[in-house]
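Below is one structure, written out as structure tokens; comments come after it.
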Amino acid sequence: MELSPLAPRIAALSLGAIPVSYALNHVSVLSHPLGVVLASILILALLLVAIHSLSHGEISYDPLYAVFSVFAFTSVVDLLLSLQEDGYVAGLMEFYTKEGEPYLRTAHGIFICYWDGTVHYLLYLAMAGAIHKRKRYRNLGLYWLGSFIMSVLVFFPGNILGKYSSEIRPAFVLIIPYMLVLCWASMRVFNQSRAPTCCPPTMVQEEQKKGLLQRPADLALVLYLILAGLFTLFRGLVVLDCPTDACFVYIYQYEPYLRDPVAYPKVQMLVYTFYMLPFFGLAAYALVVPGCSWLPDWALVFAGAIGQAQFSHMGASLHPRTPFTYRVPDDAWACFFGCNLLYALGPHLLAYRCLRQPAFFLHPPPPGTLAPDKKRQ
């Protein structure tokens, strides 16, 4: 989607996070955890005032414009944090990782910040640009929602259950407004009207008459969903300490990161088991039975979710911040990378297929709709 003329203005405003972070890093009061929380709230309030004064018309048209603008600012902060932890920059975010959220120093924390500072940042600019041009951004919003929800579902329970649970600071309470905004944004994005489809009733009827064997791409996707579902169940059993030899070999020779006491990989596999596994089954059903109009939307949501999750999981499995014992062994690197990359790629191919050729998933045309066309013939 083309960025609007206002998107660069939002980008410029978000880049203000760089001097702000540098200045706050040298304020002595931020050496106290409560000072970090108060400073964060003050900055967000001032940022909202600035956004409202610059973009009152856009906010009146769609209040999510303000949300995307604020989140673009926090995305730049997250990118600075990850670059600092990897040693590319210095003197910007030490105060926050020390007194605000020390669990962001973990490999998982670093990679969710990379994702937020790149993929989410571009999505915020694109969606804000769409609002300025009064265009739809529902598909982008659904992908962002899936990605954002997955990040929250894994990161915050992992903070409570993992080895960093004793280092939770007052900044952790900022999750409450995040969750409230997420619920509100979800409802607004889903309630947006869908883009009109260019599928005439005759095309819908012809597509829905085809069996699975006549749709080789769908057949390949169904086979993928079955295999991905089995892989999801297997890794769920692995983190639940299944005593079988296969689980023991896998966790020690292929993905030892699943044993890391930070708890993020365990929570990630359980989220996969309880959410991705049912979706794989339902999606396979929707590729066989025509008229499942819910699949295109939810395929986008789950594509965003698994994209964020696999990026963080794969990156953390290989990152030097992860103890050597829990990193992927050199002789298993190709197998680990190949399986996890395919696991991430499949839902994106499914979403692309649903958006590219949606006729199979549309509601069947009502009886009598095709009668006039037949008479003309």
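Looking at ALA128, ALA185, just one residue is in contact with a helix residue (DSSP H, G or I) (Cβ under 7 Å, 6 or more places away or on another chain) and surrounded by fewer than 21 Cβ atoms within 10 Å (Cβ to Cβ), and that residue is ALA185. Those helices (runs of 4 or more DSSP H) of the stretch 252-363 in which 2 or more residues are over 30 Å from LYS163 (Cβ atoms) occupy 277-288, 295-318, 333-356. Filter the stretch 311-333 for residues that are surrounded by fewer than 20 Cβ atoms within 10 Å (Cβ to Cβ) and within 25 Å of ASN139 (Cα to Cα) and give the result. Within the stretch 311-333, PHE311 is the sole residue that qualifies. In the condition set (1) closer than 20 Å to SER147 by Cβ; (2) at pLDDT 95 or above, ALA284 is compliant with all but (1). Screening LYS133 with (1) touching a Phe, Trp or Tyr at 6+ places or on another chain (Cβ under 9 Å); (2) closer than 30 Å to HIS52 by Cβ gives one miss only, at (1).
Across the stretch 169-197, what is the total count of residues that are of a type outside the set (S, T, N, Q), in a loop (DSSP other than H, G, I, E, B) and touching a residue at least 40 places away in the same chain (Cβ under 8 Å)?
Number satisfying all stated conditions: 3.
Each row is one residue, and each column tells you yes or no for (1) in contact with a Ser or Thr (Cβ under 9 Å, 6 or more places away or on another chain); (2) under 17 Å from PHE156 (Cβ atoms).
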| residue | (1), (2) |
| --- | --- |
| PHE68 | no, no |
| ALA72 | yes, no |
| VAL76 | yes, no |
| LEU81 | yes, yes |
| ASP86 | no, no |
| ALA90 | no, no |
| GLU94 | no, no |
| GLU99 | yes, no |
| PRO102 | no, yes |
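Within the stretch 106-129, does at least one residue satisfy the condition of being polar (S, T, N, Q) and either assigned by TED's automatic domain parsing to the domain that holds CYS354 or in contact with a His (Cβ under 8 Å, 6 or more places away or on another chain) (or both)? Within the stretch 106-129 (the criterion being polar (S, T, N, Q) and either assigned by TED's automatic domain parsing to the domain that holds CYS354 or in contact with a His (Cβ under 8 Å, 6 or more places away or on another chain) (or both)), the answer is no, since none of the residues qualifies.
In this structure, is GLU58 touching a residue at least 24 places away in the same chain (Cβ under 8 Å), within 20 Å of LEU174 (Cα to Cα) and of a type in the set (Asp, Glu)? So GLU58 fails the test. Just for the stretch 188-213: of the residues that are of a type in the set (A, V, I, L, M, F, W, C) and within 15 Å of PRO296 (Cβ to Cβ), which one is surrounded by the most Cβ atoms within 10 Å (Cβ to Cβ)? The extreme case among them is VAL204. Quick check on the stretch 88-117: of everything there that is at pLDDT below 80 and of a type in the set (Gly, Ala, Ser), which residue is surrounded by the most Cβ atoms within 10 Å (Cβ to Cβ)? Selected residue: GLY100.
The values are calculated or read from the model by the stated rules, or taken from the named source; none is laboratory data. This is a predicted model, so every value here is computed, not measured. Neighbour counts run over all protein chains shown; Cβ positions are idealised from the backbone, glycine included.
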